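Input: a single structure, listed below in structure tokens.
The values are calculated or read from the model by the stated rules, or taken from the named source; none is laboratory data. Keep in mind that this is a model prediction, so the values were computed, not measured. Cβ: placed from backbone, ideal geometry, glycine included. Neighbour counts: every protein chain shown.
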Ligand code: ARE
Ligand code: CA
């Protein structure tokens, strides 16, 4: 389950948070396939709760997507026909779909609206039916939950003291399902197999920390192989679990590595601390297994700088799109340094925690599409979408990531708030996190002689560099000067 079911030189996920299926299909065709993005993590596709009166009827929070009403493929992102078309069109251009599956729970206690589909209306938003726990769309009732074991919320102290409570009690009021029951497993297997039949490549298991690894093992053992006509024979789905483990807690990410990968929150924390100048970036040249708590072997981790939850913390303890160059340095390093499977976050602009994606007015809050600037392929801010994955520095480092697949990090130079390394024979990367001084290198790049385009300050267009040029001599050496708070990155795919 830990082997990505992606094209072999596209080991990179982009999380198109809250995007519509129709927009993702177009994005695979028009953009992602050209920049080495191998898979899209999509928002949960199942039927979810909906409100008509949230924020005076002006918005629908993004987190309704994490409150399943049924496993029908009908959500704010689109319907089943649109979902199917997206999977087909993305697969056709070699971009896989990873589905965020919410298996830990159903809705928040007392929040049952939406039972007739996302477009339904009528009930008051927080209806007074607390305790009613029937989900006819799936066939779940109170007996399929953990009510008997724990009918209250997980307490903050439980995270330190009780793995049992973390798994058996309610995560912020969400009705907790019993994944140990073969009946419950069967319903979930039907859902997962339906997605596999449609051609998806794998899953992000939401709230993985709140389910027992052994139950998950049995649950996924009953899930089919991914489609052989797309992925080849006998391939298991790729699975990673959302397990937040930064040390000092009762549940450990290491408990999940037999059954897939885990979301490595330690990586984004370490890189963000350096990017925000609270530690020496030069020290990150050791980032990998053994570097601080929780950074397990390469094949077990999905790494990322920020995700849709922690980018909303106040203040975020990780770098996010609002941090400008610090964020570009953090994501740039992630894409250049060979450790784990990276995931790029792609957001919409937000001011408040709950704010939903760009949308039309109620009652349906239909999500509106990103629009693009034809001169530089970025998303127009006026459309409300940030599209970090299209930022020139990030997309070109995504391409660097693709071009350097499999090449070891060598010729490592660690400076004061600066670092540089080669990706043997394929690329060279240098980062300067100082405010005032350049980072000057006269270094072995391991690259063949030639004129290379720095893909951070520009790119290769019509056989010319739109940014800085770097000359590599016949001895493989080059003089490189990295400006403050910047990067120089060259690779064999962007050479004149
Ligand atoms: C919403 C409302 C709540 C309400 C609830 C039920 O905000 O006020 O009680 O509905 O009615 C998301 C949102 C939640 C939202 C939920 C359901 O973030 O605000 O609740 O959807 O709509 C823990 C978990 C981790 C989880 C994070 C958020 O371990 O699994 O909390 N992350 C995933 C998703 C979220 C999603 C859910 C799970 C639920 O990525 O987007 O919630 O499906 C320490 C611990 C962590 C802990 C963290 C925060 O770091 O180590 O384990 O994470 O604190 O508590
Ligand atoms: Ca649970």
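Remarks
- The stretch 239-257 residues that are within 16 Å of residue 103 (Cα to Cα), paired with ones that are in a strand (DSSP E or B) and within 14 Å of ligand 2 (Cβ to nearest atom) (beta carbon under 6 Å, 6 or more apart): 241/205; 256/241
Per-residue answers, yes or no, for (1) within 16 Å of ligand 1 (Cβ to nearest atom); (2) surrounded by fewer than 18 Cβ atoms within 10 Å (Cβ to Cβ):
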{"residue": "238", "(1), (2)": "no, no"}
{"residue": "253", "(1), (2)": "yes, no"}
{"residue": "258", "(1), (2)": "no, yes"}
{"residue": "261", "(1), (2)": "yes, no"}
{"residue": "282", "(1), (2)": "no, no"}
{"residue": "286", "(1), (2)": "no, yes"}
{"residue": "291", "(1), (2)": "no, yes"}
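- One residue stands out among those in the stretch 174-189 that are free of Cβ contacts under 8 Å to residues at least 40 places away in the same chain and either within 12 Å of ligand 2 (Cβ to nearest atom) or closer than 17 Å to residue 206 by Cα (or both): the one that is nearest to the chain's Cα centre (by Cα), which is 189.
- Neighbours by Cβ (under 7 Å, 6+ apart or cross-chain): first from the stretch 160-173, within 13 Å of residue 207 (Cβ to Cβ); second more than 10 Å from ligand 2 (Cβ to nearest atom) and in a helix (DSSP H, G or I): 166/158; 166/159; 169/158
- Extreme residue, surrounded by the fewest Cβ atoms within 10 Å (Cβ to Cβ), among residues of the stretch 440-479 that are within 18 Å of residue 281 (Cβ to Cβ) and without any contact (Cβ under 8 Å) to a residue 60 or more places away in the chain: 440
- Residue within the stretch 110-120 that is outside any loop (DSSP other than H, G, I, E, B) and more than 16 Å from ligand 2 (Cβ to nearest atom) present: no
- Yes/no for residue 244 being away from ligand 1 (no atom under 16 Å from the Cβ), within 27 Å of residue 159 (Cα to Cα) and not in a helix (DSSP H, G or I): no
- Flag if residue 419 is outside any helix (DSSP H, G or I) and touching a helix residue (DSSP H, G or I) at 6+ places or on another chain (Cβ under 6 Å): yes
- Being assigned to a helix (DSSP H, G or I) and within 20 Å of residue 83 (Cα to Cα) holds for only one residue in 218, 193, and it is 193.
- Subset of the stretch 299-315 (residues that are in contact (Cβ under 8 Å) with a residue 40 or more places away in the chain and surrounded by fewer than 15 Cβ atoms within 10 Å (Cβ to Cβ)): 299
- Single condition residue 271 does not satisfy, out of (1) more than 16 Å from ligand 1 (Cβ to nearest atom); (2) over 18 Å from residue 15 (Cβ atoms): (2)
- Under the condition of being touching a helix residue (DSSP H, G or I) at 6+ places or on another chain (Cβ under 7 Å), in a loop (DSSP other than H, G, I, E, B) and within 24 Å of residue 4 (Cα to Cα), the residues counted in the stretch 247-256 number 0.
- Residue 109 vs. criteria in contact with a strand residue (DSSP E or B) (Cβ under 9 Å, 6 or more places away or on another chain) and modelled with pLDDT under 85: yes
- Set 191, 183: member being within 16 Å of ligand 1 (Cβ to nearest atom) and modelled with pLDDT of 95 or more: 191
- Number of the exception - residue 318 against (1) buried (at least 23 other Cβ atoms within 10 Å of the Cβ); (2) assigned to a loop (DSSP other than H, G, I, E, B); (3) over 15 Å from the mean Cα position of the chain (by Cα): (3)
- Filter result for residue 327 (touching a helix residue (DSSP H, G or I) at 6+ places or on another chain (Cβ under 9 Å) and surrounded by fewer than 18 Cβ atoms within 10 Å (Cβ to Cβ)): no
- Which numbered condition residue 370 fails, given (1) in a loop (DSSP other than H, G, I, E, B); (2) surrounded by fewer than 20 Cβ atoms within 10 Å (Cβ to Cβ): (2)
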